[in-house]
1. If you check residue 295 against the conditions, is it outside any helix (DSSP H, G or I) and modelled with pLDDT of 85 or more?
2. Does segment 98-145 hold any residues that are within 14 Å of residue 40 (Cα to Cα) and at pLDDT below 85, and which are they?
3. Every residue in segment 245-268 that is more than 46 Å from the chain's Cα centre (by Cα) and modelled with pLDDT under 80, please.
4. Picking from 136, 156, which residue would you name as being out of contact with any helix residue (DSSP H, G or I) (no Cβ under 8 Å at 6 or more places or on another chain) and over 18 Å from residue 36 (Cβ atoms)?
5. Here is a list of conditions, (1) loosely packed, with under 13 Cβ neighbours inside 10 Å; (2) assigned by TED's automatic domain parsing to the domain that holds residue 390; (3) at pLDDT below 90, and residue 370 meets all of them except one; can you say which number that is?
6. Modelled with pLDDT of 80 or more and on the phi < 0 side of the Ramachandran plot: is that true of residue 13 in this structure?
7. Output the number of the condition that residue 55 fails; it satisfies all remaining conditions of (1) farther than 30 Å from residue 135 by Cβ; (2) modelled with pLDDT of 85 or more.
8. Going residue by residue through segment 132-139, is there one that turns out to be more than 30 Å from residue 98 (Cβ to Cβ) and not in a helix (DSSP H, G or I)?
C-alpha cells in the first residue's frame with residue numbers, strides 16, 4: 001500500500017509539474033525576449049529625446065562631446081546604434097553585433113531612423129538562465145512532493161498495517177485492547193471499535209466457557225447421584241425391579257460416556273490451533289510487544305527463557321494469556337517485571353512476577369474471578385488468561401501473593417510431537 005500511495009502521489013505531482021512547468025518555461029522564454037526588446041525601445045527613446053534637444057544649426061561633425069557621451073551611454077554593452085538623419089551622414093556608435101542580432105528601430109524626424117542592435121547571444125544567455133531557474137523550481141517541487149508522498153505513505157501505511165494486524169489477532173483469539181493510537185481520527189475510530197469488539201468477544205467467550213464448565217459440573221453431579229440411586233435399586237430383592245434398575249444403570253453409564261465424549265470433543269475443538277512451539281521464541285515476541293509500555297512507565301523488564309522448551313500450545317492464546325499477566329503487573333504491580341520459563345516434572349512453567357506490594361490477602365481466593373480488581377480495570381484479564389490457558393490443557397495459578405507471581409503450568413510436548421522436529425546439525429569434531 002505504501003508503494004501505491006507513493007506512486008500515485010508522485011504521478012500527480014509530476015503531471016502537475018509538467019503541466020505547469022512547461023508552459024511556464026515557454027512563457028518565461030518569451031518574456032525575456034519581450035523585456036529585451038522593450039529595453040532597446042526605451043534606450044532608443046532616450047537617444048531620440050537627446051537628439052531632439054541638440055542644436056539644429058551645427059554641422060554634421062560639430063556635435064558636442066557631451067551629447068555624444070550621453071548617446072553612447074544609452075547603447076548597451078556589446079550593442080550598436082545606427083543614427084540616420086535627413087541631410088546628415090549615417091552615424092554608427094558601438095561595435096559589430098554579428099549576424100541575426102536583436103534590433104529595434106524608431107523614427108527620428110522627417111526621413112530619419114534610429115536602429116539599436118544587440119547580439120542575440122546575450123538574450124539567449126538570459127533566456128537559458130531564467131529557464132533553468134524555472135526547471136530547478138519544477139524539480140524542487142517534484143522533490144518536495146516525493147518527500148511529502150513518502151511521509152504521507154508511511155503515516156498512512158503503518159497505522160493501516162497495525163489495524164490489520166490487530167484485526168488478525170482478534171480473529172486468532174487475542175482479545176487484548178491495543179492502547180496505541182495514530183493521530184488519524186478515522187483509523188483511531190477503527191481501533192476504538194476493534195477494542196470494543198475485543199472486549200465484547202472476550203466476555204462472550206468467557207461466558208461460554210463458564211457455561212460449559214457449569215453445565216458439565218452439574219450434569220456430572222446429577223449423573224453421579226442418579227447412578228448411586230440406580231446402584232441401590234439394582235440390589236432390590238424384586239427381580240423385575242432389579243432388572244429395570246440394571247438397564248437404567250447401563251443407559252446412565254452410556255449417557256455419562258457420551259457426555260465425556262462431547263466435553264472432550266469441545267476441548268479438542270478449542271485446541272484445534274495448538275502447535276508445537278519453542279517457548280523462547282513465543283515469549284520473546286511477547287516481551288518485545290510489552291517492553292515499550294514498561295519503558296514508558298520507567299520500569300525494567302527481564303526475560304529469562306532458556307532454549308529447548310517445547311510445548312504444544314495455541315500461539316495466540318498463550319500470547320494473550322502471558323500478555324494479560326504482564327499487563328496486570330504493569331497496572332497493579334511495581335518495580336521490575338520478570339518473565340521466565342523453566343522445565344519441571346511433567347510440565348513447563350511460565351512465571352510472571354514483579355516487585356510490587358502484591359495481591360491483598362482478601363483478594364487472593366478471588367483473584368481469578370470476573371469483575372474482581374483492586375483498581376479501575378474491568379477485572380476480566382486474569383479470568384480470561386486462566387480460561388485461555390485451560391483451553392490448551394494447562395492451568396494458571398497465583399503461586400505467590402506478595403510480591404505477586406503468577407505461574408502457567410503447561411504440559412510438555414508428547415513424544416509424537418517431537419518426532420520429526422529437525423535436530424541441529426553438528427559438524428565433525
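The values are calculated or read from the model by the stated rules, or taken from the named source; none is laboratory data. All values derive from a computational prediction rather than experimental measurement. All Cβ positions, even for glycine, are placed from backbone atoms using ideal geometry, and neighbour counts span all protein chains on display.
1. no
2. none
3. 259, 260, 261
4. After ruling out the rest, the residue left standing is 136.
5. (1)
6. Details: modelled with pLDDT of 80 or more: no; on the phi < 0 side of the Ramachandran plot: yes.
Answer is no for this residue.
7. The failed condition is (2).
8. The answer is no, given that none of the residues of segment 132-139 is more than 30 Å from residue 98 (Cβ to Cβ) and not in a helix (DSSP H, G or I).
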